[in-house]
Amino acid sequence: MAVDGHPEPVATGDAQAVHGRCEPRFEGLRSALGEVFASGIEVGAALAVCVDKQPVVDLWGGHADAARTRPWARDTIVNLFSVGKAITAICAHRLVEAGRLDLDAPVARYWPEFAQAGKEHLLVRHLLTHQAGLPAVAQPLPPGAWAEWGTMTAALAAQAPWWEPGRGHGYHVNTQGFLIGEVVRRVAGQSIGTYLRESLADPASIDFHIGLGPEHDERCADFLPPAPPPSPSREDLGGLTLMRLHAYRNPANLSGMGIVNTRAWRAAEVPSTNGHGNARAVARLYSALAGDGSLEGVHVLAPETVARAITEQVNGPDIVLERPTRYGLGFQLTMPERRLGPNPRAFGHFGAGGSLGFADPDARVAIGYAMNQGRLGWQHKHVRHLIDLVYAAL
């Protein structure tokens with residue numbers, strides 16, 4: 001669909017060519033994205049912006065593979081990693097709205113097996129705020145367990161919290177999706193991927209998937225991961241060090257390392273980590289949350305639900321990441337160290353390497369960014385620059 005009525009740009013073959021459409025006032029983003037490609041920061045990427053739920057930017061460029069033989073196309077999708085955490089949270093909030101899930105109830109009300117190892121009073125809300133104390137499983141899990149939903153959820157049900165639930169917070173890097181997803185499964189009677197697809201993604205035309213079918217492989221970009229950091233020595237593997245290592249690597253490949261572009265990884269439901277989509281889909285979903293909570297007649301979340309979900313729950317040192325983090329109920333909240341634009345109520349979620357989706361209800365803006373060049377770290381200056389350009393054009 002045309003954003004501004006201008007004709008589609010003709011591909012030039014340049015590595016920095018940027019395709020797609022945007023309203024004239026946002027043309028600076030086309031140049032900025034071209035500079036990103038020319039600099040080599042990204043191999044392939046897409047940027048989408050909605051204002052008042054209307055698409056005003058829909059740009060893409062670069063390549064979908066390391067060899068740079070497959071151009072990034074309009075419908076290219078890619079693994080967006082932790083962008084999926086917020087989408088998983090949206091599923092839970094929809095069940096709360098329907099009166100089927102109580103955030104202040106014990107998890108064990110819906111998942112009786114969870115009431116092990118001192119977790120009988122752990123609340124549903126603690127799963128959303130990273131306060132559950134379950135970022136990792138201590139007992140080594142067999143290879144491939146990440147693809148076995150029952151194995152992962154049984155291990156988490158048996159795991160004792162690493163800290164007192166509700167007393168501190170630490171990023172549940174890969175486990176949050178299994179925890180929330182199992183509650184959704186017990187309440188809705190469907191896996192989180194099926195619930196998302198049938199209740200929201202398909203009706204609202206949101207091209208985001210948890211559990212990707214093989215029919216989408218041809219349009220899926222390869223994710224190009226960075227070299228993993230070195231593992232700590234065996235003598236250092238105790239207490240919180242073990243927890244932090246296992247949060248990423250128990251079972252092996254839990255974070256997608258070495259398998260991220262395989263059919264098995266794409267097909268599995270690893271909701272915190274392997275959701276696949278594109279910038280357009282993410283911006284479209286967040287545009288509802290920045291507005292009245294609906295998309296062309298499809299209800300997403302009511303404004304009062306969004307207001308509750310973006311109320312600060314925790315803010316400060318993160319036990320897992322060892323840096324400050326700030327969360328509402330399932331959403332990252334803007335903070336000085338990682339701003340989501342200039343306004344105080346902006347919320348969303350980053351993914352590994354710099355992918356991003358967020359909403360700003362004060363500006364009624366939603367932004368999605370997708371890319372396939374993995375990188376370590378959590379500060380991505382080029383992404384912040386693109387965000388700043390969006391606001392400068394408003």
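Since every read-out is calculated from the coordinates, none of them should be taken as a lab result. Every value quoted in this text rests on a predicted model; they were computed, and no experiment measured them. As a convention, Cβ positions derive from the backbone with ideal geometry for all residues, glycine included, and neighbour counts pool all protein chains shown.
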Note to self: Would you work out the Kirkwood radius for the stretch 125-202? I mean one over the mean of 1/r across all pairs of different Cα atoms, in Å.
What the structure shows: 13.3 Å
Check: Can you pull the Rg over Rh of the stretch 252-291, Cα-only, Kirkwood?
Finding: 1.12
Notebook entry, point to check: What full-extension length gain, to one decimal in nm, is calculated for residue 343 and residue 100 as 0.36 nm per residue of separation minus the Cα-Cα distance?
Noted result: 84.2 nm
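Once you wrap a convex hull around the alpha carbon atoms of the stretch 281-394, what is its projected area averaged over all directions, in nm²? Intermediate values should be presented prior to the final figure.
Values: hull surface 29.5 nm².
Quarter of the Cα hull surface area: 7.4 nm².
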Checklist line | the chain, helix-only ellipticity at 222 nm - DSSP H runs n ≥ 4, -39,500 (n - 2.57), divided by all residues, nearest 500 | finding: -8000 deg cm²/dmol
Item checked: Most fluctuating residue given options 368, 99, 20, as computed from a GNM of the chain linking Cα atoms under 10 Å -> 99
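Percentage of Cα-Cα pair distances in the chain greater than 40 Å, rounded to whole percent?
Cα-Cα pairs of the chain separated by over 40 Å account for 10 percent.
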Check: What ranking of 325, 262, 88 emerges when the number of other C-beta atoms within 10 Å of each C-beta is taken as an exposure proxy, fewest first?
Finding: 262, 325, 88
Note to self: Can you tell me the length gained on complete extension of the stretch residue 65 to residue 154, counting 0.36 nm per residue apart and subtracting the Cα distance?
What the structure shows: 28.4 nm
Next item on the list: Along each of the three principal axes of the Cα atoms of the stretch 67-210, give the extent in whole Å, ordering the values from largest to smallest.
Entry: 52, 37, 26
Next item on the list: With springs only between Cα atoms under 10 Å apart, run a GNM on the chain and tell me which of 45, 145, 89 wobbles the most.
Entry: 145
Item checked: Gaussian network model of the chain, springs between alpha carbon atoms under 10 Å - residue of 261, 79, 343 with greatest fluctuation -> 343
Next item on the list: Can you tell me the FRET efficiency between residue 139 and residue 27 if r is taken as the Cβ-Cβ distance and R0 is 45 Å, rounded to the nearest 0.05?
Entry: 0.25
